[in-house]
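A quick write-up on the structure given underneath.
Coordinate-derived values only; no laboratory data. Everything quoted here is computed from the prediction, not taken from an experiment. Neighbour counts are summed over all protein chains in view; Cβ atoms, including those assigned to glycine, are modelled from backbone coordinates with ideal geometry.
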Amino acid sequence: MPQTGDADNPEKMQSSGQGGPMKPMRCPICDAAMPGNWQDYPDYPFCSKRCRIIDLGRWLNEEYRIAAAEADDDRSTPPSSPED
């Protein structure tokens with residue numbers, strides 16, 4: 001006899017990102033509430049084209065940076081040998 005799993009119970013299934021309401025979200029630029037489905041927002045994760053363009057401008061102006069470890073300049077040159 002075949003066993004039935006959670007796939008038969010739509011209430012227990014995880015959302016695959018299609019349809020269904022999304023968890024409460026706010027626009028990362030203007031902090032506007034974005035209720036409803038992600039399909040309602042063609043510029044997702046932004047609430048509008050305006051916010052999407054603002055974000056692009058920030059990237060192009062290098063206002064966003066990804067942190068990196070500082071390089072030690074001494075590693076790029078081989079150590080000098082002491083003279084006797």
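A few points about this structure:
- By average C-beta atoms within 10 angstrom, highest first, the peptides 43-49, 23-29: 43-49, 23-29
- Between the beta carbons of R58 and M25, assuming R0 = 22 Å, the FRET efficiency works out to 0.70 to the nearest 0.05.
- Cut-off 13 Å between beta-carbons: net charge of the residues surrounding A33, Lys and Arg +1, Asp and Glu -1: 0
- Y64 sits among other residues whose Cβ lies under 12 Å from its own Cβ, and their net charge, with Lys and Arg +1 and Asp and Glu -1, is -1.
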